[in-house]
């Protein structure tokens, strides 16, 4: 009987984890900024703010740290940012296309030079 209750508890835990994973809220950058600014205003405590927004205090403080670090970098004049994976993929495919274009033009240029000299070899 003990085995059966242990198994059902494991199944219930797995079901709860699955439900939590599927109902997890992802916050947009605008929402994160709104929440951090509300905390910085100090009109209510961080714990009340986090409870109302449904986030943990540690998550709030990590967002706050990221927000303040980004502001500090921006005020220092650093406007560089990390590229996202789709941007990297697009840039790589564009670089490959450009390299192929340069190779085609180089080959065409060499063929034209060969035809102009008539000797088969050209001088650069």
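Where a number appears in this text, it was derived from the coordinates with a stated rule and is not lab data. Remember, it's a predicted structure, so these values are computed and weren't measured experimentally. FYI the Cβ positions are ideal-geometry reconstructions off the backbone, even for glycines, and counts take in every protein chain you see.
Observations on the structure shown:
- Å³ per residue enclosed by the Cα convex hull of segment 2-81: 133
- Highest average packing first - 78-91, 41-54, Cβ atoms within 10 Å: 41-54, 78-91
- Annotation: extensible slack from residue 65 through residue 80 equals 3.6 nm (criterion: 0.36 nm per residue apart, minus Cα-Cα distance).
- Against the main long axis of the alpha-carbon atoms of the chain, helix 2-22 sits at an angle near 50°.
- Kirkwood Rh and Cα Rg combined as Rg over Rh, evaluated for segment 24-124: 1.46
- Rounded to 10°, Cα long-axis angle of helix 29-41 versus longest principal axis of the chain: 50
- Across every pair of non-identical alpha carbons in segment 51-108, the mean reciprocal distance, once inverted, gives a Kirkwood radius of 15.4 Å.
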